[in-house]
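The values are calculated or read from the model by the stated rules, or taken from the named source; none is laboratory data. What you see is a predicted model; the values in this text were computed from it and never measured. When we count neighbours, we look across all protein chains shown, and the Cβ atoms used for this are built from the backbone with ideal geometry, even at glycine.
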Amino acid sequence: MKNLDECIEACLDCTVECESCVTDCIAMNDETHENCIALCRDCADICALCARFQARGSSFAEDLCKLCAEICLACATECEKFAEHDCCRTCAEACRKCADSCTNM
């Protein structure tokens with residue numbers, strides 16, 4: 001149960017960090033952040049869904065966790081390109097933590 005609770009928490013934390021990163025990147029009005037914004041949106045959505053699937057004990061939660069980890073890693077890699085911005089650095093860290101948690105379910 002501890003791994004499940006930690007994974008749900010990591011997914012929810014990642015959702016919040018990704019949404020925050022999107023907001024900050026949009027405010028920068030810099031087209032070099034377009035892929036970062038798109039990946040953060042995808043990541044936030046999959047993390048929120050993954051947390052809900054896990055919380056209700058869905059038989060699809062494990063498969064969704066694998067996809068969530070893949071998207072989190074892609075998002076982390078993109079955000080790390082802009083690590084000079086606090087929002088991107090914090091988001092990348094949350095994404096890597098979530099990917100690790102989803103992988104070790």
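Would a scan of the stretch 77-84 turn up a residue that is under 17 Å from Asp100 (Cα atoms) and free of Cβ contacts under 8 Å to residues at least 24 places away in the same chain?
Among the residues of the stretch 77-84, at least one is under 17 Å from Asp100 (Cα atoms) and free of Cβ contacts under 8 Å to residues at least 24 places away in the same chain, which makes the answer yes.
I'd like the residue in the stretch 2-15 that is surrounded by 15 or more Cβ atoms within 10 Å (Cβ to Cβ) and among the hydrophobic types (A, V, I, L, M, F, W, C) and, out of all such residues, is nearest to Phe82 (Cα to Cα).
In this case the residue turns out to be Cys14.
Yes/no per residue for (1) basic (Lys, Arg); (2) in a helix (DSSP H, G or I); (3) buried (at least 23 other Cβ atoms within 10 Å of the Cβ):
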position: Asn35; (1), (2), (3): no, yes, no
position: Asp45; (1), (2), (3): no, yes, no
position: Ala48; (1), (2), (3): no, yes, no
position: Phe53; (1), (2), (3): no, yes, no
position: Ser59; (1), (2), (3): no, no, no
position: Cys75; (1), (2), (3): no, yes, yes
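Within the stretch 37-51, how many residues are under 17 Å from Thr103 (Cα atoms) and not aliphatic (A, V, I, L, M)?
Qualifying residue count, the stretch 37-51: 3.
Go through the stretch 77-97 and count every residue that is in a helix (DSSP H, G or I) and among the small types (Gly, Ala, Ser).
2
Out of curiosity, is Glu80 under 19 Å from Glu9 (Cα atoms), at pLDDT 95 or above and surrounded by fewer than 19 Cβ atoms within 10 Å (Cβ to Cβ)?
Against the criterion (under 19 Å from Glu9 (Cα atoms), at pLDDT 95 or above and surrounded by fewer than 19 Cβ atoms within 10 Å (Cβ to Cβ)), Glu80 does not qualify.
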